[in-house]
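The values are calculated or read from the model by the stated rules, or taken from the named source; none is laboratory data. Here the structure is a predicted model, which is why all the values come from computation and not from measurement. For neighbour counting, all protein chains shown are included, and Cβ atoms are generated from backbone atoms with ideal geometry for every residue, glycine included. Ligands, DNA and RNA are stripped out before the accessible areas are found, and what is left, the full protein with its side chains, is counted by its heavy atoms. Shrake-Rupley method; radii C 1.70, N 1.55, O 1.52, S 1.80 Å.
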Amino acid sequence: MRTYHFLQLIVWTWIFQMVDNSPLQGKDNIHLRKRIVNLKKDDGKMLHRTKRGWMWNQFFLLEEYTGTDTQYVGKLHTDQDKGDGNLKYILTGDGAGNLFVIDENTGDIHAAKKLDREEKSLYILRAKAIDRKTGRQVEPESEFIIKIHDINDNEPKFTKDLYTASVPEMSGVGTSVIQVTATDADDANYGNSAKVVYSILQGQPYFSVDPESGIIKTALPDMSRENREQYQVVIQAKDMGGQMGGLSGTTTVNITLTDVNNNPPRFPQSTYQFNSLESAPLGTHLGRIKANDPDTGENAELEYSISEGEGSDMFDVITDKDTQEGIITVKQNLDFEKKMLYTLRVDASNTHPDPRFLHLGPFKDSAMVKISVEDVDEPPVFSKLSYLMEVDEDVKEGSIIGQVTAYDPDAMNNIIKYSVDRHTDMDRVFSIHSENGSIFTLKPLDRESSPWHNITVTATEINNPKQSSQIAVFIRILDINDHAPEFAMYYETFVCENAKSGQLIQTISVMDKDDPPRGHKFFFEPVPEFPLNPNFTIVDNKDNTAGIITRKDGYSRNKMNTYLLPVLIFDNDYPIQSSTGTLTIRVCACDNQGNMQSCNAEALMLAAGLSTGALIAILLCVVILLTLIVLFAALKRQRKKEPLIISKDDVRDNIVTYNDEGGGEEDTQAFDIGTLRNPEAREDSKLRRDVMPETIFQIRRTVPLWENIDVQDFIHRRLKENDSDPSAPPYDSLATYAYEGNDSVANSLSSLESLTADCNQDYDYLSDWGPRFKKLAEMYGGDDSDRD
């Protein structure tokens, strides 16, 4: 069985080799042939096996067909086709049905549309032959290829429409600038349709292009950027190897010559002239000079310097990096009286020279700069930049502590006067002699309050007060031992009742406002009045501190709860200063570890007399008593009936006082009598506002009877209504009406008519009341005949 399969493989290999080697004749055909392979086994029995093989060849078709009819591709045919129309040919695959159509009866294949190789260069299709009656395939399905042949229908295209490149100036011939690339969409494997050749249309004789690679190169030597910087080159790419009839495309290349440092700087003139005042401050700009360099960028960067020689120590030159100019500045103070004219040599050189072009000459240039110094009236000049003076704080008023000196630098040498700027000496502690500059004190000095004084002294020319100078004078106040040492803080010292003898209960330190040059040294001793204290001892620790030590065992608060311990403190400076500080030492109750618990003797007595339960009971009684008092006051306040409003509307026992007499019935401005004439305009009856009513009664309305009624009758009716009103006040009240009424039965109460009484009054005392009562005294103080 294995041998049979091996022989079958050899036969099929030979058949396909024959098909591949068959030549193409006219239009390519596909022909199906029958081959019979006879195999004979060992037993001599013949086997018959039918094998059909397709003999395929590629179809070739030109693109861009422009004919009116469809383009014939090829023909499918099988040996089973007897020409009776029983077989049907079917085509499937790429473009079958729309691009490629087949005659199902004859097997002819045509292209229905114009094809473009650049879109698709290869089509793979499948063919079948089917029996129309049975619908069965008479041949197995197989593939074949239709390949599109190219024509030259695409021109070369560059990858960019515009190229930009640069090349250094002064480059040699053949220096590569840039490479341009053009592509052709035609088939590079079929003819010369895609073979591109480059040529230069514009840009000669400066540049050239390699026809195959498209590399643009320089064609002239030593091209100078200073002469011409920009070039425009047009490059053409042509297919068909550049032959006639080939298609072409172009592109533009803008080439810029970049700068190299091949030009030295040059000054436009050999001499420059500047002027300067002798009073010009250091760093003053006197003028600018510039050397020209046709290069650009860093190749044109310059550096200016002053050659060694005259004026190199008085002036300086700095380079302005933005403008590439040299700025002449003042380096030292100028003096017209010493020198009036300076001549400088200024060099300008490139900072980045190119070694390739050093043979062109030195890349530097020089120019002469002359500077004239002009004279000015200068202010006085002090002999020092500042002054430092020292003085003891105990110096007497008016003592001289130092001297400042100044002079006029001009040739006239004007006289100088001195003064102290009072803005720097607001307290007027110092003054100065205007002629010789001696500084002296006006007030006592105190180092502890002001250890330094910084004043400003002004020197002014007498002939020209505008010319003045100022100088700082620093005055240091030296210390004198004039303060006694004292405790550094307030000490709260206590000793425990159970303290033992020799126990340290307090460490004290002191402070001194003085500042001796050798440092502080303090000593502690008992005061001479009490050299030996039976309770405490003062121990000097020799380190500016002292310790308080107990001298007995146990202390009692009941006997003595506070001890006063005076301590004598003195220093070792000259003159020696001393003071006495008193420590207050309280006796306190402490625990076993020596921690203070209580220092009050009263608390001790209270704790001894009353227990904790008794104290709680007393406190509880006090709280209960306060609660009862508060409740009693609240009940009493609730029972008391307070009026709602206390105002002048309550007329009980009130006297209403008016400050004007009024105009009587003729006065209609003070009171509108129309209210009485028209009672309808009155307000509704109102309840009392001074007390809260127990019951609110409805106000009884009366029948209006005031039409054509007299006012007197109206008032009587109202009085009657008020008397019978149950809501009226149950007490006497005064009601005032603006109606005078008839004459009163009672006589007048006026004092003017008291003269008719039996006893005349004596009004002579009115004369003693002053001028304000003069008229009244004349009316009442006259004779009887006058009064009659």
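The convex hull around the C-alpha trace of the stretch 466-521, projected and averaged over every direction, spans 7.8 square nanometres. With 32 Å as the limit, the listed pairs LYS417/LYS513; LYS147/LYS217; LYS113/LYS238; LYS290/LYS331; LYS417/LYS443; LYS217/LYS290 have LYS417/LYS513; LYS147/LYS217; LYS217/LYS290 beyond it between alpha carbons. Does anything in the stretch 285-302 have its amide N under 14 Å from the 7 Å Cα→Cβ label point of THR256, and if so which residues? Only 296-298 pass the distance filter. If you wrap the Cα atoms of the stretch 208-272 in a convex hull and average its projected area over all directions, you get 6.5 nm².
Within the stretch 110-147, which residues have the backbone N less than 15 Å from the label spot 7 Å out from ASN98 along Cα→beta-carbon, could you tell me? Within reach of a label on ASN98: 112-116, 120. Rolling a 1.4 Å probe over the protein heavy atoms gives the stretch 486-588 an accessible area of 57 Å² per residue. Per-residue extension of 0.36 nm, minus the Cα-Cα distance of HIS110 and TYR491, leaves a gain of 124.5 nm for this segment. Extending 7 Å from the Cα toward the beta-carbon at both GLN179 and ARG345 defines two label points whose distance is 5.5 nm. In a DSSP loop and with at most 13 other Cβ atoms within 10 Å, the GluC sites (Glu not before Pro) in the stretch 189-234 are GLU212, GLU226. Each principal axis of the Cα atoms in the stretch 175-291 has its own extent, and those three values, largest first, are 91, 25, 18 angstrom. Sorting PHE100, PHE773, PHE336 by solvent-accessible area of protein heavy atoms yields PHE773, PHE336, PHE100, largest first, with a 1.4 Å probe. Near TYR563, the amide H atoms lying under 5 Å from its own belong to ILE585, ARG586, VAL587; only residues 5 or more places off or on other chains count, and H is placed 1.01 Å from N. Amide H contacts for THR258 (H built 1.01 Å from N in the peptide plane; partners 5 or more residues away or on another chain; cut-off under 5 Å): VAL167, GLU169. The alpha carbon gyration tensor of the stretch 381-478 gives principal lengths a ≥ b ≥ c with a/c of 1.5 or higher and a/b greater than b/c, which makes the shape prolate. Descending by average beta-carbon neighbour count within 10 Å, the peptides 302-310, 178-186 line up as 178-186, 302-310, the highest first. Split the accessible area of the stretch 486-588 by element, probe 1.4 Å, and carbon with sulfur accounts for 53%. Taking the accessible area of the stretch 157-258, probe 1.4 Å, and keeping the other protein chains in place, the carbon and sulfur fraction comes to 46%. Once backbone amide H atoms are built at 1.01 Å from N, GLU63 has HIS149, ILE151 as its partners under 5 Å, excluding neighbours fewer than 5 places away on the same chain. Applying both filters, DSSP loop and at most 12 other Cβ atoms within 10 Å, to the trypsin sites (Lys or Arg not before Pro) of the stretch 537-571 gives LYS542, LYS552, LYS559. The stretch 465-543 and the stretch 380-405 have Cα centres separated by 33 Å. Taking all protein chains as they are arranged and a probe of 1.4 Å, the heavy atoms of ARG288 leave approximately 110 Å² accessible to solvent.
Excluding ligands, DNA and RNA, the accessible surface per residue across the stretch 128-279 is 52 Å² with a 1.4 Å probe.
Legend: calculated FRET efficiency, ILE318 to LEU201, from the Cβ-Cβ distance at R0 = 51 Å, rounded to 0.05, equals 0.45. Label reach from ASP394 (point 7 Å along Cα→C-beta): in the stretch 552-574, amide nitrogens under 18 Å belong to 570-574.
For LEU277 and MET368, the FRET efficiency from 1/(1 + (r/R0)^6), where r spans their Cβ atoms and R0 equals 35 Å, is about 0.95.
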